[in-house]
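See structure below.
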Amino acid sequence: MNPSEAARRLGVSAKALRLYEERGLVSPVRTEAGWRAYGPGEMARAAEVVALRALGLSLAQVARVLWGNAEDLEPALAAHQATLEDRVRQLTGTVGKVRELRTDLAQGRMPPAGELARLLGPTADLSVAFDLPWPWGGERFELRDIRALNYIIGPLGSGKTRLAQRLAETLPDAAFLGLERSAAGAAAAQARLDADPALKSRVDESLAWLVEDGAVVSKPLVALLVGLESDGPAILVVDMVEQGLDQATQEALIAHLRRRGPGARPLFLLTRSSAILDLAAVGPDEAIILCPANHSVPTRVTPYPGAPGYEAVATCLASPEVRARTEGVIALRPKGRA
């Protein structure tokens, strides 16, 4: 595989894979033409690096473990064990509940309303329904089975920002993160960091991860992380998550968000960047919501070629370079519309 294919298979950015090579953690072979390539051995080594990163190790710690020093591995495995044991406890409780329901069924008693939905997981019964704002004209919108990562996408003027704002207003304990990520917004974010040591620690930890994956530290990135790492809302709706971030930072950011542990709060990410929403990399705990250009009701789109809405989503996406050039472009609302 070439580096891009290898990175996609491993679930990391191509920039992260290049960084692993620069640090001597992986050593791709060279083809006769001089191109880097990853065979089974190189992929196995890279998968070890990715696994150690998923356990919470820094690249320096990963290097020490791969070179035979297990000192950094034990606490990471202990934390992972605690997470797994917590899942086992939750599953044990769920199995017991299923057993009770089967006993009730054998005795002719149906499950209480909503009980089956609650058995599917903590977000299975998280849904929302409301009348859509302009430009839809009051049509009803329902969203069920909210995922850990939910992308909102659509062409200019499709109403995706209004949909996002209404989601933030309607979902329980949700907040909308706007575009105040430079100048005054960045200063406000820094003030919050200065006043909250715990928040600063979480943001610094996330920054360290992102930098090791190739991100560039910037005021927009720090301001975004302040919003993402803040305590409080159970759900966050983020306006144009790629704003002010270069391609390497976008790739590192989405990889970081995908690494969040079980139980992480759901995120709704407005985006038109192909680095944030790589259709080939969308996982089972992610969903795409398309706001069509003709202002029909927003719909969930399956990320597979040929699926309804797939081509519309693909045509909305652009590279980070193109997105940076069109970042200030807005769609004007027709006069006289309420």
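Test A264 against the stated conditions and say whether it is among the small types (G, A, S) and in contact with a helix residue (DSSP H, G or I) (Cβ under 8 Å, 6 or more places away or on another chain).
no
Results for (1) closer than 28 Å to G283 by Cα; (2) of a type in the set (D, E, K, R); (3) under 24 Å from the mean Cα position of the chain (by Cα), shown as yes or no for each residue.
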| site | (1), (2), (3) |
| --- | --- |
| R8 | yes, yes, yes |
| L25 | yes, no, no |
| G41 | yes, no, no |
| A44 | yes, no, no |
| A51 | yes, no, yes |
| A76 | yes, no, yes |
| V88 | yes, no, no |
| G93 | yes, no, no |
- Message: Tally up the residues in region 24-46 that are in contact with a helix residue (DSSP H, G or I) (Cβ under 9 Å, 6 or more places away or on another chain) and acidic (D, E), please.
- Response: 1
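Can you tell me which residue within region 64-82, out of those that are touching a helix residue (DSSP H, G or I) at 6+ places or on another chain (Cβ under 8 Å) and open to solvent by less than 100 Å² (accessible area, probe 1.4 Å), is farthest from A51 (Cα to Cα)?
Step one: list which residues in region 64-82 are touching a helix residue (DSSP H, G or I) at 6+ places or on another chain (Cβ under 8 Å), which gives 65-66, 71-73, 76.
Now restrict to residues that are open to solvent by less than 100 Å² (accessible area, probe 1.4 Å): 65-66, 72-73, 76.
Working: V65: 12, L66: 12, D72: 14, L73: 11, A76: 11 Å.
Across region 64-82, the extreme among qualifying residues is D72.
Identify, please: which residue in region 290-304 is in a loop (DSSP other than H, G, I, E, B) and in contact with a helix residue (DSSP H, G or I) (Cβ under 8 Å, 6 or more places away or on another chain) and is, among those, surrounded by the fewest Cβ atoms within 10 Å (Cβ to Cβ)?
As a first pass, look at region 290-304 and keep what is in a loop (DSSP other than H, G, I, E, B): 291-298, 302-304.
Going one step further and asking which of them are in contact with a helix residue (DSSP H, G or I) (Cβ under 8 Å, 6 or more places away or on another chain), we end up with 291-293, 298, 302-304.
Values: C291: 27, P292: 17, A293: 15, P298: 24, T302: 14, P303: 20, Y304: 10.
So, considering only residues that are in a loop (DSSP other than H, G, I, E, B) and in contact with a helix residue (DSSP H, G or I) (Cβ under 8 Å, 6 or more places away or on another chain), the one surrounded by the fewest Cβ atoms within 10 Å (Cβ to Cβ) is Y304.
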- Considering residues of region 1-21 that are under 20 Å from A63 (Cα atoms) and not in a helix (DSSP H, G or I) only, the residue modelled with the lowest pLDDT: S13
- For region 212-268, what are the residues that are assigned to a helix (DSSP H, G or I), touching a Pro at 6+ places or on another chain (Cβ under 8 Å) and open to solvent by 10 Å² or more (accessible area, probe 1.4 Å)? Q247
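The rows are residues; the columns are (1) modelled with pLDDT under 95; (2) open to solvent by less than 30 Å² (accessible area, probe 1.4 Å); (3) under 18 Å from the mean Cα position of the chain (by Cα).
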{"residue": "A148", "(1), (2), (3)": "yes, yes, yes"}
{"residue": "L156", "(1), (2), (3)": "yes, no, no"}
{"residue": "P172", "(1), (2), (3)": "yes, no, no"}
{"residue": "A184", "(1), (2), (3)": "yes, no, no"}
{"residue": "Q190", "(1), (2), (3)": "yes, no, no"}
{"residue": "P197", "(1), (2), (3)": "yes, no, no"}
{"residue": "R202", "(1), (2), (3)": "yes, no, yes"}
{"residue": "E205", "(1), (2), (3)": "yes, no, yes"}
{"residue": "L210", "(1), (2), (3)": "yes, yes, yes"}
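Could you list all residues from region 22-41 that are assigned to a loop (DSSP other than H, G, I, E, B) and open to solvent by 90 Å² or more (accessible area, probe 1.4 Å)?
Going residue by residue through region 22-41, those that are assigned to a loop (DSSP other than H, G, I, E, B) are 23-28, 31-35, 38-39.
Within region 22-41, R23, E32, W35 qualify.
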- For region 290-310, enumerate the residues that are without any contact (Cβ under 8 Å) to a residue 12 or more places away in the chain and among the aromatic types (F, W, Y). Y304
- Task: Please list, ordered by first then second residue, the pairs with beta carbon atoms under 7 Å, 6 or more apart or interchain, first in region 83-98 and farther than 21 Å from A264 by Cα and open to solvent by less than 90 Å² (accessible area, probe 1.4 Å), second in a helix (DSSP H, G or I) and not β-branched (V, I, T).
- Result: K97/L119; V98/L119
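The values are calculated or read from the model by the stated rules, or taken from the named source; none is laboratory data. Just so you know, these numbers come straight off a predicted model, no measurement behind them. All Cβ positions, glycine included, derive from the backbone under ideal geometry; neighbour counts span all protein chains shown. Just the protein is used for accessible areas: all its heavy atoms, side chains included, with ligands, DNA and RNA removed. Shrake-Rupley method; radii C 1.70, N 1.55, O 1.52, S 1.80 Å.
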